[in-house]
Each structure stands twice: as structure tokens, then as C-alpha cells.
1. Which members of region 272-308 meet the condition of being part of a helix (DSSP H, G or I) and at pLDDT 85 or above?
2. From 181, 245, 155, grab the single residue that is among the hydrophobic types (A, V, I, L, M, F, W, C) and either assigned to a loop (DSSP other than H, G, I, E, B) or within 17 Å of the chain's Cα centre (by Cα) (or both).
3. Residues being surrounded by fewer than 24 Cβ atoms within 10 Å (Cβ to Cβ) and under 25 Å from residue 14 (Cβ atoms): count how many of those fall in region 87-101.
4. Is it the case that residue 83 is within 15 Å of the chain's Cα centre (by Cα), in a loop (DSSP other than H, G, I, E, B) and at pLDDT 90 or above?
5. Does region 111-131 contain at least one residue that is at pLDDT below 95, under 20 Å from the mean Cα position of the chain (by Cα) and farther than 22 Å from residue 307 by Cα?
6. Do the conditions hold for residue 173, that is, is it touching a Ser or Thr at 6+ places or on another chain (Cβ under 8 Å) and of a type in the set (Gly, Ala, Ser)?
7. Looking only at region 102-125, how many residues end up being of a type in the set (A, V, I, L, M), crowded, with 16+ Cβ neighbours inside 10 Å and under 25 Å from residue 13 (Cα atoms)?
8. Going by what's in this entry, would residue 376 be described as acidic (Asp, Glu), in a helix (DSSP H, G or I) and farther than 22 Å from residue 251 by Cα?
Amino acid sequence: METFNSPELLPVFTEKLNERSITKPTAIQRLVIPVLLAEKNIIFRSATGTGKTLAYLLPALQRLLTDADTGNGDTSKNLRPGPALLICAPTFELCSQIKAEADLLSPVPTALLIGSVKIDRQIESLKKNKPFAAVGNPGRLLLLAKMGKLKFQNLRFLILDEADRLASEETLAQTTELLSLIERDIRRRNEKNSGGVFDGLCLAACSATVTGKTGKLLGPLFETAGIIESDEQEILRERIEHWALFSESRQKGQTLRSLLAALNVKKTRFKALVFTSRREEAGKILNRLQYHHIPAAGLFGKMDTSRKTALDLFRQGKVNVLVSTDLAARGLDISGLSHIIAMDVPADREIYIHRAGRTGRAGKRGVMISIGDEPELRRLASLEKKLGITVRPRELYRGRICDPN
């Protein structure tokens, strides 16, 4: 599929995409969409900002709606008592983004099943609306399934977004238990229909850093899925500038404030996401910025509602700086994010990829700035080689950002 203005695409999708001036698929979309249209199981990897959400949503919705429209399936019957499309993602923010994208594309309802909403309301909505698709985090999906309120015998597409995070140590137990319940329901369905265990269920898992190892961690449903990847460094190299700024550890707070002043933080189009690996450090950074009257909010609170408030303020331009941990920002898609500022340099290349990938999206350019001491900048030099990027050393001089002498 070289263009979305294609006769094989339902008019409802073509119209919705054209309204947003989306006419050509990205590289990963060209690779993934035909595979999922053929309902083959895959794990796919591509850099952040390359359109992974559309890569799985479009073919899944296309297949389900095509079957209903052509008489191959009666949607009103086939989707009861559970959804035909289930998307599992690790965070409230990412689930909300996926639902918003599905609502833009599809004429049928999508349920948002996340832990920050009262479960009674979700149960009532599932009973009343019988959603065509559902998006949720593993904890809430698992709870609803155990209560018998969310059933999977009519499931045809199962998508795991940010799959490596879902397979991480803190989330894996919930994810695998959820997958086992799905496998059980599909097995029962197919035993009734004399089919194989996985017949009629299409699986996809994706992330910027997902690997075949992730599939093995997720268990039997994903063990045999094929792997597709695009050039994960394409955006890192071509759309993002990488800067290194030296600072002693004890001076990093002052260095950040001086950097923001040099970047003119209060100008209208400036949006910066500040990363740190530790939540307690994120709180200190935010407090210092606010004390110095820099418009900033934090994305590391315990409550989903506080994170939503911070994101809303940031997206509306009421604050120009958002302070976040790596876990809180996974999967975020914030329009117009111009700068990423990392207050430490990770040893893990995957963390750097996820941080940098928050900018340089939708064809725009961005800047990734790492503030580090001597050992950290040595790590950055190693990452530079591994990722095939060019990191420019920069320094602050009389309120300006310049090349070092």
C-alpha cells in the first residue's frame, strides 16, 4: 500500500485520514499493514513517531468492518459479550491516546478501561454499549476479566502496545495472567468450533525497542510471531539534533535553569520534556523550576488524575516544561514537542531511544540535550557509536548556547 487513497481501503478510513492530511503510509506502516490485513501474528519494532498506532489500528478495524459490511459477520451478534479488538498498553496516558486515535478512525465505539476510572461505571458501560473495541492497562483488564465482566470469546485482534514495558519485571505477572485468560477463552471457543487453539485470533506486539525475547517472555501466544522492524535510527539521525552539555552533578539544577533561559523557555512555541531516571529527583527538579518562576508541571505523581492535569496544562501551553521519569513518559505523543532535556545519561540504549523519540515526530525536527558529568558523557559517547548518531558538544556562555572553544 503506497498511498492511503487506495481502493482496498474502506472510504470511511480514507476520508478520516484525508481530513488530517495523512495520505502516505510510513515505512513501518507499509510493512505492517499488509501482514495484519492477512491476519498474521507479528512483533514489530520502529522508532517512536513513525506511526505504530495507525499501523495496527487501521488493518484491524478494516478487517472487522469489512467482514460486517460484506455480510461475513453480524457485528451486533459476533461482538457479544466481549470486544473483537483488544489493545493493551501500560499507562493511562497511552491508553487514552490510542482510544482517541481509534475514535478518529472508526464509526463504532471503543471502550477505555483504565484503573483511574471507577470500575462500576466501566462495568455498566460494557453491559450497555457492548463496545466493538477496548483499550486498557493490564491491571484493569485483568480485574474486569476475573469478575466475568470482560470476555474474550469473540476476540479477533489482540494488540500489545509498548510490549517491552508490558513484559518488564513490574508488569509481566499481570500481562501473562491476562494473556492466559484470553488463551483459555479462545481455546474454549475453538473447541466448540473444532478449530485449533489460536484459530481466528490475530496477535501483534510493538514498541520502539521490542525484540524476539519480549515475545518469549509473553508466553505461548507470542512465541511464534514473526518479527518486523524498520530502521529504528532513521528519525534519531535525520530529524533530531543531539547535544551534550557538561555539568557537575551538584550543579545540574542551575545548568538546567540557565539552559532554559538561553532557550527562551517562555516563548510561545517552546515545549520541553525534562527526563530523570528517579522519581524523587523529578520532584526536586520541578520544585526548583517552579520556585524560580519557570512554568513547569510534573508527570510522575501517584495518581493518574494528577498526570492528566499536567499533560493538559502542557498541551494547552499553560506550562512550557514537563518534568517526567522514563516510566511515566513511555508512549507519550505530544504535538510540537521541541526539546528533550535529559538530566542523566542512561547506560541502556533503549532508554535513550525512548527519550529522544518524544521529539522529531510527524515530520518535524527536534533537539535532544543530555546534561552529564564526565562519566555520563563517556557513556553518551558510547551510545553515539552504538546508535550511529552525531552528538555535538555545547556550552553555555553569557546566556547563549554555543560550541565550545
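The values are calculated or read from the model by the stated rules, or taken from the named source; none is laboratory data. Everything numeric here is computed off the predicted structure, so don't read it as measured data. Ideal geometry is used to build each Cβ from the backbone, glycine not excepted, and the neighbour counts take in all protein chains shown.
1. Residues of region 272-308 that are part of a helix (DSSP H, G or I), as a first pass: 279-291, 304-308.
Matches in region 272-308: 280, 281, 282, 283, 284, 285, 286, 287, 288, 289, 290, 291.
2. Values: 181 fails: either assigned to a loop (DSSP other than H, G, I, E, B) or within 17 Å of the chain's Cα centre (by Cα) (or both); 245 fails: either assigned to a loop (DSSP other than H, G, I, E, B) or within 17 Å of the chain's Cα centre (by Cα) (or both).
Selected residue: 155, the only one of 181, 245, 155 that is among the hydrophobic types (A, V, I, L, M, F, W, C) and either assigned to a loop (DSSP other than H, G, I, E, B) or within 17 Å of the chain's Cα centre (by Cα) (or both).
3. 4
4. no
5. no
6. So residue 173 fails the test.
7. 6
8. No: the conditions fail for residue 376.
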